[in-house]
Amino acid sequence: MNLGEKVGYIVDEVDTARFTFVSDRQRYPPRHEYLVIPGVKEREGEEFREVDVLAQVTRLVNYSELVSQQLSLRELEVLISRYPTDPKVYGEAKILGYLDENGDVKLPRSAAVPGQELFIAPSSLLEEFFSEDPENCIEIGRLITRPDVPVRIHPNGFRRHVAVIAQTGAGKSYLVGLILEKLLPMGATIIVFDPNSDYVRLKLDKDGNKTDIADFVTVYRPPGVKGRRFSDEEIGGAESYTINFSSLEREDMFSLFGIPDKWVRIRDAIETALDNLHGIYQPSDLYRELEEMAQNNDGDAQRALPYVRRVMDFPIWGSKDIPIEELIKPRKLSVIDLAGLQRDIMQYILERTLREAWNKATSGELEYPLFIVMEEAHNYASKKNKSRASDIIKRIASEGRKFKVFLILVTQRPGKVDDDVLSQCNSQIIMRITNPVDMQAVRNSVEALSQDLFEDLPGLNKGEAIIVGELTKTPAMVKVTGRISAEGGSDIDVVEALKAAKKAAETLDAASTSIEEIREGETRSEW
Ligand SMILES: Nc1ncnc2c1ncn2[C@@H]1O[C@H](COP(=O)(O)OP(=O)(O)OP(=O)(O)O)[C@@H](O)[C@H]1O
Ligand SMILES: [Mg+2]
């Protein structure tokens, strides 16, 4: 190995997890820089083996005994003008491990010795740690402190479910889009539940040209939703996503209506109306039936009307359902665009799709790995408010891996996600978090997150992530780059948007001034 620049020496007490080093103002390694301690004697039984141990700087300190806080300002000024005050530099680093003969990361069981030389880790060594096999792994960016070193994640890390956690605007959807872009051509079956239309533009790049994955992506959209951010043409086409109301179980109907078990008479009225409907029918047909009953003085039918009316307005009803078989084809990414739908129907779609996929998986009919992306996971797997989908999500979180069903949960509010679900995610990608409640939730659920990484969370910039768990050999700090497809939910430029608003307001003002002038002219001519 060609060692990098020498930065100093290990000093004081050294253990197998961390050490202190002395450097100087010219050569000191910045915080987060990777270091190597070459030739540490690692004891294996009776044998000793020399290994190169990788470490990372966690703290850096400049200090001076001369220029101290005990002095007055006047004394300091005299001192500084007469003597050189070159501060001393020391730092602390944590041990990341060494590579064994199989290329796996091992934590040393022997400590380095004080007085040992310390070097900047060469990129070739870092690549062995962070840039796994380019054939089978997914490149998601570069090491934050070493942009020449690619970071690749191993798809086997998805076996333990993945949680992507960060506050809003940190770059979660950008990153998940990038992962999907690479996982899909490898053969993955992916279903994305997309409440904010963040993934609807995967078929096009930023210039509007077709991406390589375009033919494998289907965006499903309920046809009745108005005022979408991107039209079907702007996303390269969409399939209609409808639900056949008449195919629903009666319990599901009542649950959507929001009519509890104990309202027996209203339920009975609806049952009677349903018994009169045949073939394919819509909530509007049920409404008409109940209206007729109400006109014949059926008070319960009358009371049922507003509940059915609300569901009738959901923009989702049609004459066919999307069969689950269509969504679980290999090398297919299905984005279910839930934006603009009422919460109850979003929950219903999620629960029903998961239930059907799970039935396929547990009956041995799911041939290929299925990845399920759930944005806003705190809404579906909420700690406090049990949702319609909670049970099936918990089930998949605890047993999914045995049946090739893998969750990718995305959340801004880890503190609100059901603990059982979050703790089943053994691979985590964590981006910027500053809210103390959410930081604590991350702390509690992510065992592999060390104290120093935890303390780094608020300091991360947009697009920077800490990866822990089974996606990488050792925790990685990565600047996410390389997304090809366009984003659905990128930040708007407020200055540009305000300019457009100002222009529109001025045009409106001008138009109303000229209308007033015309009116004034008309009034004058009436005189
Ligand atoms: N790695 C990156 N490189 C460049 N730009 C990025 C990166 N990650 C995110 N961005 C930009 O930052 C903005 C926010 O990113 P994104 O929508 O992915 O955040 P988010 O964490 O999903 O937020 P929310 O929780 O609100 O959905 C977007 O405009 C996106 O283009
Ligand atoms: Mg997002």
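Only the coordinates and a few stated rules stand behind these numbers; no lab work does. Bear in mind the structure is a predicted one, so any value in this text is a computation, not a measurement. With ideal geometry, Cβ positions are generated from the backbone for all residues, glycine too; neighbour counts draw on all protein chains shown.
Observations, loosely collected:
- For the stretch 435-452, the Karplus equation 6.51 cos²θ - 1.76 cosθ + 1.60, evaluated at θ = phi - 60°, returns couplings of 5, x, 5, 6, 4, 5, 5, 5, 3, 6, 9, 10, 4, 6, 8, 6, 4, 5 Hz by residue, with Gly and Pro reported as x.
- Karplus-derived HN-Hα couplings along the stretch 304-318 (A = 6.51, B = -1.76, C = 1.60, θ = phi - 60°), whole Hz, x at Gly and Pro: 6, 3, x, 5, 6, 4, 4, 5, 4, 7, 4, x, 10, 6, x
- Mean separation of Cα pairs under 8 Å and 6 or more residues apart, divided by the residue count, gives the chain a relative contact order of 18 percent.
- Cβ crowding within 10 Å averaged over residues, with 85-91, 259-265, 303-309 ranked highest first: 303-309, 85-91, 259-265
- Size of electric dipole in the chain: Cβ of Lys, Arg +1 and of Asp, Glu -1, about Cα centre, debye, nearest 20: 620
- Counting only the Cα atoms, the stretch 6-126 fills a convex hull of 108 Å³ per residue.
- Counting neighbouring Cβ atoms within 10 Å and putting the fewest first, the residues 137, 425 line up as 137, 425.
- Long pairs among 210/360; 106/360; 172/386; 402/473, criterion Cα-Cα beyond 30 Å: 210/360; 106/360
- Amide H to amide H, with H built 1.01 Å from N, residue 211 comes under 5 Å of 204, 205, counting only residues 5 or more places away or on other chains.
- With kT/(6 pi eta Rh) evaluated at 4 °C and eta = 1.567 mPa s, and Rh the Kirkwood radius from Cα pairs, the stretch 255-355 diffuses with a coefficient of 84 µm²/s according to Stokes-Einstein.
- Derived scalar couplings ³J(HN,Hα) [the stretch 320-328; Karplus, 6.51 cos²θ - 1.76 cosθ + 1.60; whole Hz; x for Gly, Pro]: 9, 9, 8, x, 4, 4, 6, 8, 9
- Selection from 297, 71, 122, by position along the positive dipole direction of the chain (Cβ): 71
- Take 497-504, 122-129, 191-198 and order them by the average number of nearby Cβ atoms within 10 Å per residue, most first; the result is 191-198, 122-129, 497-504.
- Remark on the stretch 415-459: Rg and Dmax equal 9.9, 28 Å (Cα only).
- Annotation: for a label point projected 7 angstrom from Cα along Cα→Cβ of residue 5, residues of the stretch 37-58 with backbone N closer than 20 Å are 37-38, 54-58.
- Over 34 Å [Cα-Cα, the chain], rounded percent: 53
- Long-range HN-HN contacts of residue 119 with modeled amide H, under 5 Å: 7, 36
- Entry for the stretch 341-422 at q = 0.13 Å⁻¹: log10 I(q)/I(0) = -0.37, Debye formula applied to identical alpha-carbon scatterers, no solvent contribution.
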